[in-house]
Every structure is written in C-alpha cells, then in structure tokens.
Amino acid sequence: MSAAGTGPGLGRRRFLGGVAAGLAVTAGGTALTGRDATPAQARGREDARRPRAARPVLLGTYTSSGGAGVILAEYTADGTLTSTGAVGGVPDPSYLALSPDGTALYAVDEQQEGAVTALALPEQGPPKVLGSRPTGGAGPCHLSVHPGGRWLLSANYTSGNVAVHPIDPADGSLGERTDLVTHSAPPPGPGQDGPHAHQIVTSPDGGHVLAVDLGTDTVYTYRLDTSAGTLSEVARAALRPGAGPRHLTFHPSGRFAYLANEVDNTVVVCGYDQGSGRLTPGEPQPTGTGEGTSYPAQLLVTADGAFAFLANRGHNSLTRYAVEDGGARLRLLDTVPVGGDFPRQIAFSPDGRLLFAANQKSGTVTVFAVDADSGALVRRGEPFVAAAAVCVLPR
C-alpha cells in the first residue's frame with residue numbers, strides 16, 4: 001500500500017478531470033452586482049459570504065483518478081475550507097512542497113516517466129507553472145526543498161532512487177538534475193520486488209539528507225554537496241525485515257526521529273546523532289489499530305514536542321501519542337476516526353491549532369482542532385470535497 005501501489009497505475013491514461021490544459025483558475029464565489037446593489041453594498045455582501053481572515057491551502061491530487069491538479073483553497077480559524085480554483089497542466093501532483101520563502105511551489109509528477117514541476121506563487125493572482133524536469137526515475141512520490149532554498153530533493157518510489165535538482169534563486173524554476181542515487185543495497189525485504197524510495201528530507205540542523213526506503217527496510221543518510229548538488233552516503237539504518245518504513249519526522253530537539261512503518265503496522269522511535277547523521281532505530285511500537293496492518297502513512301509532531309499524531313489509512317483513524325523523556329519515548333493515548341477514507345497525508349496549520357487530513361479514497365479533506373494542553377483532536381465542520389486528494393499544504 002505504497003504511494004505508487006495505492007495510487008493510480010502509472011501506465012493509465014491521464015486526464016485533467018474537467019480542468020483545461022495549462023493554467024485554469026475557477027473562482028470560489030461570484031461578487032453580487034445586481035442593479036439594486038450599490039458597489040459598497042455588493043462588497044459588503046461579498047465580504048459577509050467569504051470567510052474572514054482566510055489563509056491559503058494547496059491540495060495535491062491524482063489527475064489520472066479524476067483530481068483537478070493542484071487545488072487552491074482557503075481556510076479559516078474554525079477549519080472551514082472554501083475552494084478558490086485549480087491549476088491544471090501538472091499530471092498527478094501527489095505531493096507538494098513550498099520554498100523556504102513561500103514564493104514557489106514544487107510538485108511531483110507521479111508517473112512512469114517521473115518529473116518534478118515548479119510553480120511561482122505571486123502575492124497577487126494565480127500560481128504560474130514555471131516548467132518541469134525529469135527525475136530520472138519512475139513514480140516520484142515525495143519531495144522537499146533543502147533549507148538553503150537552492151536544491152530540490154525528490155524520491156522515486158517505483159525505481160527506488162533519489163534525485164537532486166538546482167533551484168534558480170531568481171524565480172524558483174528548476175535546472176537539470178545534478179544527481180541520481182539508486183538504493184542498490186541491501187537486498188529488498190520480504191515481499192518486495194526492489195528498492196522503493198518513499199521520502200527524502202533534510203535533518204533539522206541542515207547537516208544531512210535522509211532517504212526512507214520501504215523496499216529495502218533502510219533509511220539512508222547522505223551529505224549534500226551544496227555547491228555541486230551531489231549526494232554522498234555516510235550512514236544506513238536498518239529496520240527489521242518486512243517493516244516497510246514509509247515516512248520519518250523529527251522531534252523539535254533534532255535528537256530523535258519517528259518512523260511510520262506501513263507494512264508491519266508499527267512506529268519506531270529513533271535516536272539521531274547530528275554529527276554523524278546516524279539514525280539508531282528502537283523497538284517497534286503499536287499504532288493502536290489492532291491486529292493486522294492499517295497501512296500507517298505519516299507522523300506529525302507538535303512544535304512544542306509534546307504530542308505526535310499518526311495517520312492510519314486502513315483503519316481510517318488518527319493515533320495520538322504523548323511524547324515523553326525529551327522525545328525518546330512515545331506513549332499511545334488513543335485513536336480518533338478521521339472522518340474519511342484512507343488518510344494519505346496530514347499537516348498542521350502554521351500556528352499548529354489545526355490538523356488537516358487528505359483522504360484519498362473518499363476524496364475529502366477533514367480538519368481537526370488540536371488542543372494545546374492535551375493534544376486532543378476535535379473535528380471541525382464538514383469534510384471538504386476534492387476528488388483524489390492525497391496531499392494538503394496549509395500556509
């Protein structure tokens with residue numbers, strides 16, 4: 001149940017689900033301009049209809065399963081989402097990442113001939129597609145921007161390799177790939193047909209790049225040459241055979257990281273040494289979803305390091321953990337129904353008060369308020385409908 005395995009087949013015909021090729025923007029509301037309304041009245045009625053203090057949110061979808069490309073929306077403090085349009089011309093943008101300064105957006109093109117696409121995010125007006133570059137692999141399912149803002153890192157699930165692209169500091173566009181590293185060892189784990197790179201992220205201190213590979217049950221640590229854009233392996237962390245590590249997230253201290261293992265339905269607390277980049281996995285822990293596998297997808301940790309949340313796709317739930325011993329221990333608290341089907345990815349609002357879940361099979365996004373003291377989750381409003389939604393990126 002990987003990104004490529006649960007998503008659309010890479011050889012299927014792609015289509016834009018009603019969004020015209022190129023850039024298409026559909027307004028979320030139409031201003032009232034009736035003959036009996038003055039301009040001031042029209043503006044007042046429109047202001048009343050639109051959520052106040054709305055902030056933008058971006059959604060990634062599978063266009064080959066009816067998604068509308070990169071969906072544009074707004075959300076308010078109470079968790080209400082309102083559609084404001086969509087950007088077409090980006091096939092299967094199943095994962096999204098922002099530049100450090102928020103002026104550019106990057107999307108994977110999760111296809112057999114994998115690519116990454118850059119979009120400019122102007123202060124006014126819709127996003128503008130800047131162009132795409134091939135990743136050199138198949139089925140890219142994750143990407144991230146190096147903290148310096150000069151390099152885009154991407155993980156090709158189907159071909160089991162990771163790529164690096166330069167970012168133009170002038171406009172955020174992408175240059176030709178500078179490196180491609182395939183996970184050729186160790187051998188694939190039980191039931192796997194080869195390496196399956198599922199995530200690539202930079203450590204909080206910026207010193208190392210870590211790639212999580214589901215197929216080899218391994219997390220690879222690299223050092224990025226920030227002048228040449230090349231990766232040099234410096235360490236490996238082996239998970240138990242058949243674990244199927246999918247996504248990793250760091251504790252705010254930078255001394256611990258948490259792994260979601262999608263195949264054996266566990267989470268693992270890992271020690272992290274900033275000097276060497278070495279990750280040391282601990283013992284597997286339960287997800288709170290019972291016997292069998294619930295295909296855990298992703299972990300989030302609150303900014304204060306007090307709580308962690310896990311998305312369980314098969315169980316359609318979110319697990320809540322208390323983070324203890326300075327990040328060294330996760331204590332399972334409970335699970336909460338997600339209110340949708342197959343929560344593929346979760347994200348906090350920038351202030352940490354809301355948690356968003358993109359539910360792939362139901363084509364919805366659900367929103368929860370996060371209690372700062374207890375970490376308790378409370379559903380907010382009705383699910384936001386977005387066909388084949390697989391990634392949510394609140395800003």
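Details
- Only residues that are within 20 Å of Val212 (Cβ to Cβ) and open to solvent by less than 50 Å² (accessible area, probe 1.4 Å) were counted in region 285-311, giving 13.
- Residue in region 331-342 that is of a type in the set (Val, Ile, Thr), open to solvent by 40 Å² or more (accessible area, probe 1.4 Å), out of contact with any Phe, Trp or Tyr (no Cβ under 9 Å at 6 or more places or on another chain) and not in a strand (DSSP E or B) present: no
- Residues of region 254-264 that are touching a Gly at 6+ places or on another chain (Cβ under 7 Å) and either in a loop (DSSP other than H, G, I, E, B) or surrounded by fewer than 17 Cβ atoms within 10 Å (Cβ to Cβ) (or both): Arg255, Glu262, Val263, Asp264.
- Filter result (in a loop (DSSP other than H, G, I, E, B) and either in contact with a Pro (Cβ under 8 Å, 6 or more places away or on another chain) or within 30 Å of Thr103 (Cβ to Cβ) (or both)) within region 180-198: His183, Ser184, Pro188, Gly189, Pro190, Gly194, Pro195
- As for region 383-394, it holds at least one residue that is of a type outside the set (A, V, I, L, M) and either at pLDDT below 95 or within 13 Å of the chain's Cα centre (by Cα) (or both).
- Hey, Arg177 closer than 23 Å to Ser232 by Cβ, in a strand (DSSP E or B), of a type in the set (Lys, Arg) and at pLDDT 95 or above or not: no
- Condition check for Thr103: under 22 Å from Gln298 (Cα atoms) and touching a Leu at 6+ places or on another chain (Cβ under 7 Å): no
- Unmet criterion (only one of (1) surrounded by fewer than 24 Cβ atoms within 10 Å (Cβ to Cβ); (2) outside any loop (DSSP other than H, G, I, E, B)) for Val162: (1)
- Only one of the listed residues (Leu81, Leu98) is open to solvent by 10 Å² or more (accessible area, probe 1.4 Å) and more than 30 Å from Gly206 (Cα to Cα). That residue is Leu81.
- Qualifying residue in region 267-274 (condition: under 27 Å from Arg223 (Cα atoms), open to solvent by 40 Å² or more (accessible area, probe 1.4 Å) and out of contact with any Phe, Trp or Tyr (no Cβ under 6 Å at 6 or more places or on another chain)): yes
- Which listed residue is over 20 Å from the mean Cα position of the chain (by Cα), over 20 Å from Pro93 (Cβ atoms) and small (Gly, Ala, Ser), from Ser203, Ser184: Ser184
- Glu233 passes every criterion in (1) under 30 Å from Thr319 (Cα atoms); (2) open to solvent by 10 Å² or more (accessible area, probe 1.4 Å); (3) outside any loop (DSSP other than H, G, I, E, B); (4) of a type in the set (D, E, K, R) apart from (1).
- Selection status of Ala53, at pLDDT 95 or above and of a type in the set (A, V, I, L, M, F, W, C): no
- Given (1) open to solvent by 10 Å² or more (accessible area, probe 1.4 Å); (2) part of a strand (DSSP E or B), number of the condition Leu119 does not satisfy: (1)
The values are calculated or read from the model by the stated rules, or taken from the named source; none is laboratory data. In this text the structure is predicted, and so the values were computed from the model without any measurement. Quick reminder, even Gly has a Cβ in these numbers, built from the backbone with ideal geometry, and neighbours come from all protein chains shown. Side chains included, ligands, DNA and RNA excluded: accessible areas come from the protein's heavy atoms. Shrake-Rupley method; radii C 1.70, N 1.55, O 1.52, S 1.80 Å.
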